[in-house]
Amino acid sequence: DSAREIARVGVSGAPLGASIWLRSPSWFWADIVARAGIVAPAGERLPPEKDFARTAAGFESMLTDGGWQSTGVEEVTWIWRAAPSVLWASAEGGVASAGSLYRGLSGEDRALFRHTFDEVCAEYAVDGLVPLEHTAAVAVGRAL
């Protein structure tokens with residue numbers, strides 16, 4: 001629905017761009033939650049008829065089905081080497097699902113989450129930084 005609406009409101013023939021995560025640091029936060037034994041609430045999924053395969057090909061197909069013209073999708077991968085203090089500031093600040101989860105924990109579970117965070121960072125860190133691989137599917141197409 002969103003892809004179709006973007007194609008509809010775009011100036012005819014104008015370039016369009018969109019991206020999705022194929023791999024993000026969510027694995028890092030999921031590792032912390034699992035090791036700490038914290039039960040995270042289940043995330044919401046789109047209904048099957050509105051969902052698409054979270055791959056570059058699935059993303060491209062969804063955009064093409066939505067009316068995007070001459071769509072090309074490329075996977076872009078990079079590694080963000082993050083200081084644990086920066087990662088912790090995002091969780092403590094309530095950023096993304098990990099931050100939302102952290103903010104909803106009791107004081108005891110927050111302490112457990114922080115302790116486990118420190119352990120996981122120590123395990124993965126290289127020269128004091130945690131390497132977090134990201135892969136995005138980046139699409140460029142044209143409006144109708």
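Kindly provide the set of residues from region 63-89 that are open to solvent by less than 80 Å² (accessible area, probe 1.4 Å), more than 30 Å from residue 36 (Cβ to Cβ) and not in a strand (DSSP E or B), ordered by number.
63, 64, 66, 67, 68
Which number in (1) more than 30 Å from residue 75 (Cβ to Cβ); (2) in contact with a Phe, Trp or Tyr (Cβ under 9 Å, 6 or more places away or on another chain); (3) not hydroxyl-bearing (Ser, Thr, Tyr) marks the one condition that residue 132 misses?
(1)
All but one of (1) in contact with a Phe, Trp or Tyr (Cβ under 6 Å, 6 or more places away or on another chain); (2) small (Gly, Ala, Ser); (3) closer than 18 Å to residue 41 by Cβ hold for residue 137; which doesn't?
Unmet condition: (3).
Looking at region 90-144, which of its residues are β-branched (Val, Ile, Thr) and assigned to a helix (DSSP H, G or I)? Don't jump to the end; show me each part of the working.
Residues of region 90-144 that are β-branched (Val, Ile, Thr), as a first pass: 95, 116, 120, 126, 130, 135, 138, 140.
Across region 90-144, the qualifying residues are 116, 120.
Considering only residues that are among the basic types (Lys, Arg) and part of a helix (DSSP H, G or I), look in region 2-59 and name the one that is most open to solvent (accessible area, probe 1.4 Å).
Our first condition is that a residue be among the basic types (Lys, Arg); within region 2-59, this holds for 4, 8, 23, 35, 45, 50, 54.
Retained after the next criterion (residues that are part of a helix (DSSP H, G or I)): 4, 8, 35.
On the way: 4: 131, 8: 149, 35: 110 Å².
Per the criteria, the residue is 8.
Starting from region 104-123, take each residue that is touching a residue at least 12 places away in the same chain (Cβ under 8 Å) and under 14 Å from residue 28 (Cα atoms) and list its partners that are in a helix (DSSP H, G or I) and not hydroxyl-bearing (Ser, Thr, Tyr), counting only C-beta distances under 6 angstrom and pairs at least six apart or across chains.
These pairs meet every condition: 113/36; 116/32; 116/35; 116/36; 117/32; 120/31; 120/32; 121/84.
Is it fair to say residue 103 is basic (Lys, Arg), over 21 Å from residue 135 (Cα atoms) and either open to solvent by less than 90 Å² (accessible area, probe 1.4 Å) or modelled with pLDDT of 90 or more (or both)?
On the way: basic (Lys, Arg): yes; over 21 Å from residue 135 (Cα atoms): yes; either open to solvent by less than 90 Å² (accessible area, probe 1.4 Å) or modelled with pLDDT of 90 or more (or both): yes.
When the stated conditions are applied, residue 103 passes them.
The values are calculated or read from the model by the stated rules, or taken from the named source; none is laboratory data. Quantities reported herein were computed from a predicted structural model and do not represent experimental measurements. Using ideal geometry, Cβ is built from the backbone for each residue, glycine included, and neighbour counts are taken over all protein chains shown. What goes into the accessible areas is simple: the full protein's heavy atoms, side chains included, and nothing from ligands, DNA or RNA. Shrake-Rupley method; radii C 1.70, N 1.55, O 1.52, S 1.80 Å.
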